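Just below is one structure, and these are the notes that go with it.
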Amino acid sequence: MSDYLVRATALDGKLRAFACITTDIVRELSDRNNKALALASAALGRTATMAVIMGVMLKGKETVTLQIRGDGPLGKIVATADSEGHVRGYVDNPHVELPTKDGVVFGDVEKLDVGAAVGDGFLFVIKDLGMKEPYVGSVPLATGEIGDDFLYYFAQSEQTPSALGLGVLVDKDQTVSQAGGFLLQLLPGVSDEDINYIEDQIKQFPHITSLLMKGQTPEQILQRLIPGEIKFNEKIEIGFQCDCSRDRFARGLISLGETELVKIAEEDKAAELVCHFCNEKYHFNEEQLHELVRDAKRD
Ligand SMILES: [Zn+2]
């Protein structure tokens, strides 16, 4: 099954729900992050899955960037998504290895100690809504397990009672086997009975990746959690996409200014720039650098 997201409403419109499968996306992110190992794939994959869900809540050209800035060995984790289901992301240190929670060096992914790999710090949500200044929200990290941290963010920053699950299952050979997530948001007016029902379902809910493993769809996952009839409003194809380009990197070089560019052209004779997000390399030779110097002069 290739990646997609469903957007739904239930309880007379008082509950908004999203569920998605992101296995292909997380595999690609993992590959592009220098073949990330399990911990980095789990942390980045959970963050990217959240970014896709928060992205489709936006409109038009709006984008959302999620940053997990912890003091653990993984370093910074960043994912950016747009309103059409495109996402990209990176993690500073993709090859971190730590003992699992039960002390085994490597084993069951659900025991991966993502919290320890992320550490203490802050979660930032940056929404570019096309205004002069982006919206920036932040909360301290709750546990560094990513899902808990976003739950805390929705409660604190957006004041929306939510339930969510983010999961990445990595095989013993370090390849991503399953990934996905769901988010339920309760709007005012939901009855206590319905809230209790959802809380009970969440309590007994198995890990989302074990459901995906059994071939359950995002639609079926929402049906397990939500009482009554669910209205599926949209099914969106989602995928990895980076919007970097040679032109954008050329403009970056030009912005260094004439003096600096001449220095690079004469001393280094070439420049190789690498996109953080997708690992695409952009090479500029001496002649091309001199051309950029001429552009810089015109500016
Ligand atoms: Zn890129």
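The values are calculated or read from the model by the stated rules, or taken from the named source; none is laboratory data. Everything quoted here is computed from the prediction, not taken from an experiment. Cβ atoms come from the backbone with ideal geometry, glycine included; neighbour counts cover every protein chain shown. Accessible surface is based on the protein model in full, side chains and every heavy atom, while ligands, DNA and RNA are left aside. Shrake-Rupley method; radii C 1.70, N 1.55, O 1.52, S 1.80 Å.
Using a 1.4 Å probe, how large is the accessible area of E267, given in Å² and rounded to the nearest 10?
Here the accessible area works out near 130 Å².
Can you tell me, using C-alpha contacts under 8 Å and at least 6 residues apart, the relative contact order of segment 4-240 as a whole percent?
Details: 550 pairs, mean separation 67.7, N = 237.
This gives 29 percent for segment 4-240.
With a 1.4 Å probe and all protein chains kept in place, how do M131, M50 rank by accessible area, largest first? Numbers along the way, then the final one.
Details: M131 130, M50 0 Å².
Largest accessible area first, the residues go M131, M50.
Which order do you get for F284, F124, F277 if you rank them by accessible area with a 1.4 Å probe, largest at the top?
Details: F284 5, F124 55, F277 30 Å².
So the residues, ranked largest to smallest area, are F124, F277, F284.
Under 25 Å between alpha carbons, and skipping anything fewer than 8 positions from K172 in its own chain: which lysines qualify?
By straight Cα distance, K172 reaches K35, K76, K101, K111, K214.
For the chain, can you list the cysteines whose C-beta has no other cysteine C-beta under 4.7 Å from it?
When partners are defined as cysteine Cβ atoms under 4.7 Å apart, the chain leaves C20 without one.
Hull surface divided by four, with the convex hull built on the Cα atoms of segment 246-298: how many nm²?
3.3
Kindly provide log₁₀ I(q)/I(0) values, in the same order as q = 0.07, 0.08, 0.09, 0.13 Å⁻¹, from the Debye equation applied to equal alpha-carbon scatterers of the chain.
-0.31, -0.39, -0.49, -0.92
Give the accessible area for I195 in Å² (nearest 10); use a 1.4 Å probe, count only protein heavy atoms, and leave out ligands, DNA and RNA.
Around 50 Å² of this residue is reachable by solvent.
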